[in-house]
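Colleague: First the structure, which I've put down as structure tokens, then a few questions once you've had a look.
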Amino acid sequence: MRALMQHWRRLSRREQGLLLGLALFIGAVLAYSLIGQPTRQRLHTAERQYQQQRVLAAQLAGAQPARAESAADGRPLSLRISESASAAGLHVEQMEVDDEGLELTLAGEARAVLQWLAQVEREGATLHGLTLEKREDLLQARLQLR
């Protein structure tokens, strides 16, 4: 350090000023490179992600759930459910219709019940509650559809 101080004192005022200016310039460039540039890159990335999220939100807002044709044929939900359950070989034990939808209890072979439930959802009915219970060789399902 002592040798550096002696060398500094031997330099002319002009050379000292130029070296100080160079040190300040290098410091400013380093500060920009280490602080300013990464901040701008993060800002640019955030803006790009924001625009992508806006596009996705607009697409989601305009998206309509896919419904099978049988859901849009105008027949009441209770009639569609009853017919599809019978066609699947299931026994409808109880059906109650209210303003909010349909409550249903049915029984059948486990595979048939599960396949029928999947089909009903594909056709557009919304399942709000489901209870499955094994009864001897059959599977009983209590469900609420909307």
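The values are calculated or read from the model by the stated rules, or taken from the named source; none is laboratory data. Everything numeric here is computed off the predicted structure, so don't read it as measured data. For neighbour counting, all protein chains shown are included, and Cβ atoms are generated from backbone atoms with ideal geometry for every residue, glycine included.
Colleague: Condition test on Trp8, is it surrounded by 11 or more Cβ atoms within 10 Å (Cβ to Cβ) and under 31 Å from the mean Cα position of the chain (by Cα)? Can you show your working first?
Modeller: Values: surrounded by 11 or more Cβ atoms within 10 Å (Cβ to Cβ): yes; under 31 Å from the mean Cα position of the chain (by Cα): no.
It is false that Trp8 is surrounded by 11 or more Cβ atoms within 10 Å (Cβ to Cβ) and under 31 Å from the mean Cα position of the chain (by Cα).
Colleague: Are there any strands (runs of 3 or more DSSP E) wholly within region 87-146 with 3 or more residues that are over 23 Å from Gly74 (Cβ atoms) and not assigned by TED's automatic domain parsing to the domain that holds Gly74, and if so which?
Modeller: none
Colleague: Considering only residues that are of a type in the set (A, V, I, L, M, F, W, C) and either touching a Ser or Thr at 6+ places or on another chain (Cβ under 8 Å) or exposed (fewer than 14 other Cβ atoms within 10 Å of the Cβ) (or both), which ones fall in region 75-109?
Modeller: Applying the first criterion (of a type in the set (A, V, I, L, M, F, W, C)) to region 75-109 yields 77, 79, 81, 85, 87-88, 90, 92, 95, 97, 102, 104, 106-107.
Leu79, Ala87, Val92, Met95, Val97, Leu102, listed by residue number.
Colleague: Of the conditions (1) polar (S, T, N, Q); (2) modelled with pLDDT of 90 or more; (3) in a loop (DSSP other than H, G, I, E, B), Gln64 clears all except one; give me its number.
Modeller: The number of the failed condition is (2).
Colleague: Could you list, in sequence order, all residues of region 11-52 that are of a type in the set (D, E, K, R) and over 36 Å from the mean Cα position of the chain (by Cα)?
Modeller: Of everything in region 11-52, those that are of a type in the set (D, E, K, R) and over 36 Å from the mean Cα position of the chain (by Cα) turn out to be Arg13, Arg14, Glu15.
Colleague: Here's another thing I want to ask about it. Given the criteria farther than 30 Å from Glu123 by Cβ and without any contact (Cβ under 8 Å) to a residue 24 or more places away in the chain, does Leu30 qualify? Show your work before the answer.
Modeller: Values: farther than 30 Å from Glu123 by Cβ: yes; without any contact (Cβ under 8 Å) to a residue 24 or more places away in the chain: yes.
So Leu30 passes the test.
Colleague: Of the residues Glu93, Glu109, Glu103, Glu69, which single one is within 11 Å of Leu143 (Cα to Cα) and either of a type outside the set (S, T, N, Q) or at pLDDT 90 or above (or both)?
Modeller: Values: Glu93 fails: within 11 Å of Leu143 (Cα to Cα); Glu109 fails: within 11 Å of Leu143 (Cα to Cα); Glu69 fails: within 11 Å of Leu143 (Cα to Cα).
One residue alone meets the criteria, Glu103.
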